[in-house]
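For reference, the structure is listed below as structure tokens.
Bear in mind that the values in this text are calculations on the coordinates, not laboratory data. A quick note: this is a predicted structure, and the numbers were derived from the prediction, not measured. Here the Cβ positions follow ideal geometry from the backbone for every residue, glycine too, while neighbour counts run over all protein chains shown.
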């Protein structure tokens with residue numbers, strides 16, 4: 001009788017311990033990234049103060065590739081995937097609070113083996129700073145041509161705009177809509193710069 005009681009006690013202890021070990025899906029950050037993009041890490045995020053502030057999208061078929069495509073088309077070289085189907089983009093990481101990769105353990109909705117953040121966590125990817133920007137209307141692409149000095153006599157003097165929300169994509173769209181090129185094959189230039197914490201553009 002004693003041996004049966006000992007066996008029963010052992011069985012209950014083992015079962016109780018096993019019940020606490022919930023199986024977790026093995027996920028990891030994306031590795032098959034577009035040319036020039038790299039994984040930056042798992043970062044602390046907040047709904048009240050987003051790590052990546054300038055672009056946000058809900059995506060039912062969420063993945064790093066989808067997020068990078070969304071952000072790069074807007075001219076952002078930093079992309080982040082988070083919980084609840086979210087994609088985020090920016091030109092800088094705002095707080096730089098990193099977390100352990102294990103804390104970004106939730107699956108992307110479009111790729112169950114890929115990590116898309118976690119509770120108040122996001123997976124962040126860094127792209128090249130010379131992203132080409134495609135205009136949504138005619139599909140033509142503006143390519144990065146370099147960093148140029150710009151002093152009192154403006155290199156690109158026409159129609160200067162200013163504001164904290166100006167992006168490369170907005171600059172290119174404004175340039176295209178202004179139609180500075182005399183014909184379909186001529187070249188138009190646009191430029192973006194920082195000044196006193198704001199983004200300025202001229203074209």
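Worth pointing out:
- For residue 107 and residue 57, the difference between the fully extended length at 0.36 nm per residue and the C-alpha to C-alpha distance is 16.3 nm.
- Tensor-based shape of the range 38-126 (alpha-carbon gyration tensor, a/c under 1.5 rounded, otherwise prolate or oblate): rounded
- A protection proxy built from the mean count of other Cβ atoms within 10 Å ranks the segments 78-90, 103-115, 27-39, most packed first, as 78-90, 103-115, 27-39.
- Two-site FRET efficiency, residue 94 against residue 120, from Cβ-Cβ distance with R₀ of 22 Å, rounded to 0.05: 0.95
- Put in order of Cβ neighbour count within 10 Å, fewest first, the listed residues 102, 72, 63 become 102, 63, 72.
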